[in-house]
Amino acid sequence: MRELEAPGSVDYETTRWLLRPDSIAITRADLRGARGEAVSDDLSTPSTFVLLYREYLRYRWDVFELAFSQDHEDWTTAMTADERESFLGIAVSFHHGSRQLEIDLPVFMIGAAEEHRLHLAAQIETQARHTTFFGRFLCEAVGVQCTNAMELLDQTFPWVQETFIGPFGLLAHQAEELGRKPDDQLAQVRYGTTCFLWIEGVLAKSFLSVLMGFAAGRGLLPTFLVGARATYLDHSRQVRGGLLFLQDALRRDPAVVSEIHDTLHTILTVSGVSSRRSFHEPLGWSEDEMRLLVCSHLRRRCDVLGIALPADLENLLVPIQQKDVGG
Ligand SMILES: [Fe+2]
């Protein structure tokens, strides 16, 4: 697989410490057997899901402890209209996306192994928390006026970015398919590729780091930054669980790699469509930097799975970069 440097915006170094995945983590020594003995170095897949569940319990945070008064002040007085529009497009996409995962994850959980269900139940609660966090930010910092959660979703839907609409539409379709046959392993792998590899492992990691980089680099939106950092670390745990599921599926049947490739092909095809150019520049990222960031996350997740991208997928990635870099 060709190595690409992850790009850095002016704020990237400032936020590197915020994104350190090992800044909160429990070790395998924390997972003890029934008699208190430490587990061996060979963690089985079920044991690792239990470990992830323990990590969730230890680092759970209370979304209602956050107060957004300084963020509201920053939003209304310290940001330009372009910065607000760009920031809002991503924040609203996270709000809608978190809410959709809450709805779609239970279907995937029906056919999951028992230990995996602990991790997925935690993930559903975590997504409810993320929905609440972004919802509170939109109401209390941005100032969206609404009387209930559904009204907030209806009002903000026009701001959801196209980059998010395609993959979430695909996920809704895959969840419907799983609802009809929850034990179908190939349908599970297709769903897992969209949900854990792409949406959480690539989209969420890339775009949340852009928002955090902007807020930290400019010294703005302190409460958003606290919640976004906690959200980012939650996603790191969820991606580990999702990739573990895909690794396990690949180990049992290496042929499922074609399901992963086909799903990525669909996602990259729908994600290549965008009618809005240079949307992230107010936040410090050009379009080609954004694409490189997204591609570097995709390559890293594929490396963890031990799979390469076939030529047709490489072709979907590379011409975009060359076209943009070369003008
Ligand atoms: Fe989330």
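Compute the distribution of all C-alpha to C-alpha distances in the stretch 46-325, in bins of 5 Å from 0, and list the percent of pairs in each, rounded to whole numbers.
1, 5, 13, 17, 19, 17, 13, 9, 5, 1, 0, 0
Would you mind ranking L316, L178 by Cβ crowding within 10 Å, fewest neighbours first?
The fewest-first ordering by Cβ neighbours comes to L316, L178.
Under the √(5λ) rule applied to the eigenvalues of the Cα gyration tensor, what semi-axes describe the equivalent ellipsoid of the stretch 45-187? Give them in Å, descending.
32, 20, 12
What is the order of V189, V270, fewest Cβ neighbours within 10 Å to most?
Ranked by crowding around the Cβ, least crowded first: V270, V189.
Can you compute 3J(HN,Hα) from phi for each residue in the stretch 75-83, using the Karplus curve 6.51 cos²θ - 1.76 cosθ + 1.60 with θ = phi - 60°, rounded to whole Hz and x for Gly and Pro?
4, 8, 10, 10, 10, 7, 4, 5, 5
Please state the charge dipole magnitude for the stretch 46-325, taken about the Cα centre, from unit charges on C-beta atoms (+1 on K and R, -1 on D and E), reported in debye and rounded to the nearest 20.
Magnitude of the dipole: close to 560 debye.
Find which of T163, L313, L120 sits farthest along the positive direction of the dipole of the stretch 46-325, computed with +1 on the beta-carbon of Lys and Arg, -1 on that of Asp and Glu, about the Cα centre.
Farthest towards the positive pole: L120.
Explain nothing, just the number: relative contact order of the stretch 83-240, from Cα pairs under 8 Å at least 6 residues apart, as a whole percent.
Once normalised by length, the contact order is 27 percent.
Each value in this text was obtained by applying a stated rule to the coordinates, not by laboratory testing. As the structure is a computational prediction, the values presented were derived from the model and not from experiment. Note that each Cβ is placed from the backbone with ideal geometry, even for glycine, and that neighbours are counted across all protein chains shown.
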